[in-house]
Structures are given as structure tokens and as C-alpha cells.
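The values are calculated or read from the model by the stated rules, or taken from the named source; none is laboratory data. Everything quoted here is computed from the prediction, not taken from an experiment. FYI the Cβ positions are ideal-geometry reconstructions off the backbone, even for glycines, and counts take in every protein chain you see.
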There are 2 protein chains.
Amino acid sequence: MTPPGDALLTDLYQLTMLQGYFDRGMEEEAVFELFVRKLPAGWNFLVAAGLEQALDFLAGLRFSDGDRKWLRDSGRFSPRFIESLAELRFTGAVEAIAEGTPFFPDEPLIRVIAPLPQAQLAESRLINILHFQTLIASKAARLVLAAPGKLLVDFGLRRAHGAEAGLLAARASYLAGFDGTATVLAAPRFGIPVFGTMAHSFVQAHDDEMAAFEAFARAQPAHVVLLIDTYDTEAGAEKVVELAPRLRAQGIKVKGVRIDSGDLADHARRVRDILDRGGLSSVTIFASGNLDEGDLLRFASEAAPIDGFGIGTRLTTSASAPYLDCAYKLQEYAGRPRRKRSEGKATWPGRKQVYRAFGTDGCMAGDRLTLADECCDGEPLLQPVMRGGRRLQPSPRLDDLRRRTGQQIALLPELLRQLGPAAPYRVEISLSLHALAAEVDRTTADAAAARR
Amino acid sequence: MTPPGDALLTDLYQLTMLQGYFDRGMEEEAVFELFVRKLPAGWNFLVAAGLEQALDFLAGLRFSDGDRKWLRDSGRFSPRFIESLAELRFTGAVEAIAEGTPFFPDEPLIRVIAPLPQAQLAESRLINILHFQTLIASKAARLVLAAPGKLLVDFGLRRAHGAEAGLLAARASYLAGFDGTATVLAAPRFGIPVFGTMAHSFVQAHDDEMAAFEAFARAQPAHVVLLIDTYDTEAGAEKVVELAPRLRAQGIKVKGVRIDSGDLADHARRVRDILDRGGLSSVTIFASGNLDEGDLLRFASEAAPIDGFGIGTRLTTSASAPYLDCAYKLQEYAGRPRRKRSEGKATWPGRKQVYRAFGTDGCMAGDRLTLADECCDGEPLLQPVMRGGRRLQPSPRLDDLRRRTGQQIALLPELLRQLGPAAPYRVEISLSLHALAAEVDRTTADAAAARR
């Protein structure tokens, strides 16, 4: 028997609700949409990400023998209900905004249309997947915008929140324009370029820094990037100048140096000077050490001679905004639109579409949130990606998604691409949607009572 | 052939350094220690967590055929080195501070003593495991201290950073005193009690709220907790009062209600009043909705009639402090102490011990960071847990660890257990450690040069 697994990676209330739906035979079509309620402070847009993994999850959803045994042993569920779970598969449809597309609050990132139990059960893990990658892709896009023309590498596995976070942060940041990651497994898993230099421990394990540099260069002759700040950054740079001709004689070229502490811009200027005077003007300078957008913007404004950055913790934990206020809400059941009216958390009912308008300059000029069957000018963002539990298209290549993401972000209005405060992007709510919300409130007895 | 897996869940530089160590035959004993550099703003202590998973990782560390094939295909490593990886196992020793113990900056949470390549390779994933659980256990301990006597449940799977984060946050928060989690898989995996009620979608899927309440009560007759804020919280409470006698006639008891929006304290007072007047004084009130320590402290100071809390996002992302500034540093190689001197990041060299003193009241009275072979009064916190790659003790039961954690946290000085600003707990550095640091600086040529 397989041990309990992924189907139980859900909130208990999904299963208790499913028992309730089972008892009442509530299996009609439900429509859920996932959206973000508001942007993190200072953020001007989000970047959709994680759809690939979300569709994998839906296509693979099933209860194993081990899962059902655990449910039986828990004593909380009826035997007939547990038996019914053996056959449960996701047979529904999904419409979604393509990965890499900028989007805004209230716009559905994904819509799930399926028999109520399936669509309900999927909630916890669907949010878990889409929330995290969207968070990291959005954060990464900000970092990319803050460092135009620089090499950006994800260094954040160690302080990412667990294994999956480390791996999927590599994917989401690459999607959003990073050049690669230090996380090796991201290469075989997603085809992402991996980058790596050396750690201070390598230098410390050797009796002197020069011996460490030489050993590392011989071990990785095609990828010589030397970490020069273990003891004294400028003295480290001088050693590189001394060592380079000796390595050149052996056919080994020093590609770069890395600085990981102190005032990075200041060190970079002095190191650049030492390298240039030593005939090493082609050797690049790579910097790391708890960097965030603000640091990258400052380096750019100071024209610090840094060619690339390793971004770790603040990328993979999205430290400045570690979560998005998102929700997955029932919008329609058995053909009737539904709406939650809890204070401060009311939602727009029904199936919706987002139409995006573009200006004469080609840039995004405003979105309109409409009912899905409304006609409207502009590009409809939600597109069918799954029917009957099957993908409609093969998985796109990550490199293609990444290229498209870059093009999409370039279409954001200039003020939103700057990272400072900006007026929110215009998202209009269509009149029909307003009318439907009012209609739902009138016809749902409890909601109507709540308004009195 | 197995696909590439966990051994490649590491930073590329670990592997490039291992190639360097291999070329130079550097396989002597290395000592690494993992410690936190400083506390997050406003935090007064940390709680050690994650050792179980860390030891599992070390005991299971190996390169599969698939891993080695990927390394060969990458073209970055020598065939002899890749061949050597087939035999690589963790054969070292580990000493650690027990899970659930409060600890402070500079104190080694774990020490790894192993041939250099093994100890180096383990770095990325060891930090990844220990950092996250320690972060969440520390955050959870703060929430527990803020809500004495209340039921606390982890509701945070959906916005945790991926699957592993969701699952391990359930473990770390339970260890630190939470009563359970909503994440089902945490029950079979770790034996953690699971809690669950219903979502707004369950109410919305029914034509009226009363029908939804009744359906849910019949489906989960032993666990009836009703979510009453979908439309109007107080009207929801009135319905519970109306429904309860009907359910009682069927032998079903309403255990509680949940409120998830609006001013929770205010609603709780009104709902308490409605329930009490309706003869339901034994029905508990459970609250949720983006709660953090500050909210819990406020509810306690207002004596809000709330019996328990579901804490989600702000627990599992540790939103107020989403990472710890921690490091895993080489302290000794081939019998010689080592020290990193990078600006702002210098470390204490050598193998260290933490001795904890207790006052006459039994409370913690100060720690002393010493060399491991120094004798000192107090309780030595680092204890051997692995030798020759094998655990020295069987895995402790999580419930036993949880009980011990509660006892340990109760020994923290009163001012630290309050969540406000407090003078830092006293951690003295022993004279011998000061002397060793000076000695290492004198005898490491490059470090000495850096000091001139």
C-alpha cells in the first residue's frame, strides 16, 4: 500500500465539505476563480506564474489506497464516501491567464469549472502552487527592471521555504527574466541555466587564498569566477592580477570575480581599477549579499561597475512582500451566479473575462473586467487550457514562456515599470458585472437580508 | 535510471568545490557550524527546529545514476570525480541543540564533523531544512505566548511557499505549542491533530445558509463548527441558535462557530451574547483572517470572547520576518581552526559549546559561548546526535518534543516571553574563544594581512 500522499496535501475542511456534498448529491457544475485582492505595498503589477504545475496537479489528482485507509482510520467520514474517492479524478475545464502575463487585482488568474467536489477539493494546493510562483515571478520582474542589462542569478535555495520553494523559485525567477539559478536540480528539472562560483569555505580550507584560487581555476577551467572577499577584497583582486598570467600560460582564463560583503559599489570600483590596471579589463565583477531592488537601483544610479548579481533570500522568500492577498472563490453553482459578501471581502460574481486594451504606442492602456460572455474590444486574457481533465495544448517550453514574459513586461506603461509609486493601472468593471452583482444580492435571500 | 533527484537539490558551487577538493585530495576532517547572525527586529529568542529532517537528509544523502548522468552530460566535471560520487555517503558526526530549545545569535544550532567534501556538500539543503523550521517554530512560539490558553491551529497551507513549506510549517508550529493544523497530510506524516470546519463556498453552494449549516452538521456530526460570516455574522449566529435544538433532537451537538471577517473582537462579543441568550453558552467561538501576534495580544487585552484562532499566512510565511540571517561556516579543517573575516561577517573560529546557566528560580540566566573542550558551569546545549553517519538515538516522538518545548519556553526570562522590546539575553564569549580568534588571525597569513 502506498503511504498517504499528495491528495491529502489539502485542508481538512475540503474533505469535510466533500462529505457534505456527497451526502446531499451536490455534484453539479461549480465555477471557482482565483484572484488577488490587492497588490503588496509599492508593487505596481503582478506576473502570472505556476500554471504548468497547477495543470500537472489537476491531471494527477487521485486518492491512493493509503490515502483512503487513513481517511477510514480517522473515523470522520462515511465508508461510502471514502469508497467514492477511489474513482475521483479531475474531469473539469480550466481557463487561465498565460504564464508571464502582467495582471492586476480582481482579475481571475485561473477559472476552474468542474463538478463541485472536484473544484472544491483542488482549492488548497492550487492556491499553494499558483500563489508562490506568481509571488516570486512578480518579485523577480521587479529585480530585473531594477538592473537593466545585468546578469541576474537566483542564489536563494538555502533560505527558500523548503525544497519545493527553492526549486520553483528558480523556475519563476527564470520565467520573469533572471538569467539562471545556482540550484542544480533546476537544470535537469526545468532546463534552467545553472551558475556557480565558490564559497568562503573553499578559501578557508586552503592554507592561503592564492592556493585556493589556483586550485579552483584548475578544477573549473572553463568557469573561473573567484570569490575575493574572504579576507580583504582589494588584496584578493591583486592576487587575481598576479595569478591570471600564470593561468593564461596553462590555457585557463579568469572570467570573473565575486564580492559578497562590505560596500559592494565601493569595492567594485576599487576592484575594477585594480583589474583594469592589471590588464584584466575583460574580467567581470559579480556581487552578492542580501540584495534587493533598492540596492540594484542604487548601483544603477551610481553606475557601479558591477556586471551581475546573485540574489538570494530576498528573491526566494520575497522578503519585502512574502505573500499575496489572494483567494479562490465560488462564482457560480448549478448555473446560478454566487457571491461572497463577508465584510471587506466581497467578490464579483459569475464567470469573468479580462479584456486588455493597447495604445497606439503598443503599450497596455487599461483592462476591463467583464462577464465571460460579454463582447468587448481588446485582447481577452483568459484562454481555455484544459477540458475534460486534459490539457488542450502541450506544455510550452520554459524558454518560450520566458521570452514572451519579457515582451509582455515591456508593454507595461513606463510608470508601472519604474518601481516607484505610481497611479494604479486602470481596471474597469463592466456595467453588466455591476448589474449581476446587484442581481445576486437581490435574489440570494441571506445576502439580501445582510444588506438591510 | 532514476531521474535526477535530491542530491542535486544543492547549489552548483558545492559541486564545483567538491571537484576542486577531489583534484587536490582534500578529504580531511572539516568542522562546519550553523548559526544565526542576528535576531529579526523585535524578536527576543529563537526556537531550534528541523533536526529530525536534517538527520534524515544526511543519512539518505547519495548520488543516483540519474544524478551522475546529468553531471556527466553537463561537461563541467571530470569522469573520475563523478565516479567517486557513486560511493559518497555521509559518514560524519553531528552535534546539535535539541529541537524545541530556545537559542540565540552566534550559538551553533548544529555542528557537522565529516570529511570536507561531505560536510561541504550538505550545506545548501541543511540550511534549507533547519532555517525554515526554526523560523516557523520561533514565529509560532511568539503566537502561542500571545494567546495563552487559546486553541491555536495552523491554517496556512495555501499560502505557504510550496508543498514542503506547508507540511513542515505544520510540524514546526505544533512543536512550538500550536494545537494542530488544517493540513491533512500532517496527520499521517507526523501524527499532528487536524482541525477543519467549512469554507464560504459550502454556504454559497447551498441556496440558503440554514440549509448549508444543517447539511454540514449531518455530514460531520461529531465536529460541528459552523462558519457564520458569509453574509451577516450576527444573523448567522441567530441561525445557529435556531438550528441547535433541531440538531440536538437528532443527537448532534454544535461545538463552535467560526468568524473570518470584519472586526473579530466586536463580532465575537455580539455573537457570544446571541449564543448565550440562545442557551448555547458551551458553543465556542473560533476566529481567523490574516491574524498575527499583535492581533492576538490585542484580543487578550480586550478579553475578547474568542476561544481559538486559525493562523494562516502570517504563520507559515513568517510574514513579519520571512527569513533568519543564518550561515553554515567552516570552523576547522585538518585540525586547524578557521575563521572568515569578511566585513561585517566575521565568525568565531573552532568547535564551540553553549553552556546555559539557570537562576535560583529555575529560569534561564545567561549563556556562555566557549570552545567545545572548555569546562564551564551550566548545561551544555550541543549534544551528539550522529556518529559515523548513524543516528545515536531513535527519533523522538513529536509529542514528547512538543512537551519539552513548552517546558523550555517557560524557562525563558519573563521579559523575553513578553513580545515587546527587551534587553538582549546575555550570551558571553569565553576568554579562550577570544584568544583563539586572535590566534587564528595572527597565523592565517592572508587574514593577518587583512588586519594591517
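What number of residues in segment A:180-199 are touching a residue at least 60 places away in the same chain (Cβ under 8 Å) and under 18 Å from A:Leu401 (Cβ atoms)? So the count comes out to 3. Number of residues in segment B:241-257 that are of a type in the set (Gly, Ala, Ser) and closer than 10 Å to B:Gly278 by Cβ equals 1.
Screening B:Arg417, B:Arg356 for residues that are buried (at least 18 other Cβ atoms within 10 Å of the Cβ), farther than 24 Å from B:Val112 by Cα and not assigned by TED's automatic domain parsing to the domain that holds B:Leu297 leaves exactly one candidate, B:Arg417. Among the residues of this structure, B:Leu381 counts as one that is in the same structural domain as B:Ala435 (by TED's automatic domain parsing) and closer than 22 Å to B:Thr347 by Cβ. Among the residues of segment B:186-211, those identified as under 18 Å from A:Val31 (Cα atoms) and small (Gly, Ala, Ser) are B:Ala199, B:Ser201, B:Ala205.
When you look at A:Thr317, is it within 30 Å of B:Leu315 (Cα to Cα), within 14 Å of chain B (Cβ to nearest Cβ), β-branched (Val, Ile, Thr) and touching a Pro at 6+ places or on another chain (Cβ under 7 Å), yes or no? Against the criterion (within 30 Å of B:Leu315 (Cα to Cα), within 14 Å of chain B (Cβ to nearest Cβ), β-branched (Val, Ile, Thr) and touching a Pro at 6+ places or on another chain (Cβ under 7 Å)), A:Thr317 qualifies.
When B:Leu167 is tested against (1) without any contact (Cβ under 8 Å) to a residue 60 or more places away in the chain; (2) assigned to a loop (DSSP other than H, G, I, E, B); (3) facing chain A (nearest Cβ under 9 Å), only condition (2) is not met.
Annotation note: of A:Phe104, A:Phe63, the sole residue that is among the hydrophobic types (A, V, I, L, M, F, W, C), touching a Pro at 6+ places or on another chain (Cβ under 9 Å) and at pLDDT 95 or above is A:Phe104.
Residue count for segment B:113-163 under the criterion of being more than 7 Å from chain A (Cβ to nearest Cβ), among the polar types (S, T, N, Q) and more than 21 Å from B:Pro193 (Cβ to Cβ): the result is 3.
Can you confirm whether B:Tyr13 is closer than 18 Å to B:Asn128 by Cβ, within 9 Å of another protein chain (Cβ to nearest Cβ), over 25 Å from the mean Cα position of the chain (by Cα) and among the hydroxyl-bearing types (Ser, Thr, Tyr)? The answer is yes for B:Tyr13. When we screen A:Ala54, A:Ala30, A:Ala49, A:Ala98 for residues that are under 30 Å from A:Gly420 (Cβ atoms) and within 14 Å of chain B (Cβ to nearest Cβ), the only hit is A:Ala49. On inspection, A:Lys345 qualifies as of a type outside the set (A, V, I, L, M), in contact (Cβ under 8 Å) with a residue 60 or more places away in the chain, out of contact with any Asp or Glu (no Cβ under 7 Å at 6 or more places or on another chain) and in a loop (DSSP other than H, G, I, E, B). Of the residues contained in segment B:180-196, one or more are found to be at pLDDT below 95 and either surrounded by 24 or more Cβ atoms within 10 Å (Cβ to Cβ) or within 17 Å of B:Cys326 (Cβ to Cβ) (or both).
Out of B:Asp400, B:Asp367, B:Asp377, I need the residue that is more than 14 Å from every other protein chain (Cβ to nearest Cβ), buried (at least 18 other Cβ atoms within 10 Å of the Cβ) and acidic (Asp, Glu). Which one?
Only one candidate passes the filter, namely B:Asp367.
Which one is modelled with the lowest pLDDT among residues in segment A:313-339 that are buried (at least 23 other Cβ atoms within 10 Å of the Cβ) and part of a loop (DSSP other than H, G, I, E, B)? Ranking the candidates gives A:Arg339 first. Scoring A:Phe202 on the criteria (1) out of contact with any Gly (no Cβ under 9 Å at 6 or more places or on another chain); (2) of a type outside the set (S, T, N, Q); (3) buried (at least 22 other Cβ atoms within 10 Å of the Cβ) leaves a single failure, condition (1).
If we scan segment A:256-265, do we find a residue that is in contact with a strand residue (DSSP E or B) (Cβ under 8 Å, 6 or more places away or on another chain), buried (at least 18 other Cβ atoms within 10 Å of the Cβ) and basic (Lys, Arg)? Yes, because at least one residue in segment A:256-265 is in contact with a strand residue (DSSP E or B) (Cβ under 8 Å, 6 or more places away or on another chain), buried (at least 18 other Cβ atoms within 10 Å of the Cβ) and basic (Lys, Arg). Criterion first (out of contact with any His (no Cβ under 9 Å at 6 or more places or on another chain), without any contact (Cβ under 8 Å) to a residue 24 or more places away in the chain and either within 14 Å of chain A (Cβ to nearest Cβ) or aromatic (Phe, Trp, Tyr) (or both)) does B:Asp208 satisfy it? When the stated conditions are applied, B:Asp208 passes them. Is there a residue in segment A:324-336 that is under 20 Å from A:Pro148 (Cβ atoms) and more than 25 Å from the chain's Cα centre (by Cα)? No; the residues of segment A:324-336 include none that is under 20 Å from A:Pro148 (Cβ atoms) and more than 25 Å from the chain's Cα centre (by Cα).
Under the condition of being in a helix (DSSP H, G or I) and touching a residue at least 24 places away in the same chain (Cβ under 8 Å), which residue from segment A:211-234 is nearest to the other protein chains (Cβ to nearest Cβ)?
Checked segment A:211-234; the qualifying residue nearest to the other protein chains (Cβ to nearest Cβ) is A:Arg218.
Can you list the helices (runs of 4 or more DSSP H) lying wholly within segment B:1-112 that have 2 or more residues being surrounded by fewer than 16 Cβ atoms within 10 Å (Cβ to Cβ)?
B:51-60, B:65-74, B:79-85
Just so you know, in segment B:170-188 the residues that are more than 9 Å from chain A (Cβ to nearest Cβ) and outside any helix (DSSP H, G or I) include one that is farthest from B:Lys150 (Cα to Cα), and it is B:Ala176. Out of everything in segment B:283-312 that is surrounded by 21 or more Cβ atoms within 10 Å (Cβ to Cβ) and β-branched (Val, Ile, Thr), what residue ends up being farthest from the chain's Cα centre (by Cα)? For segment B:283-312, the residue satisfying everything is B:Val283.
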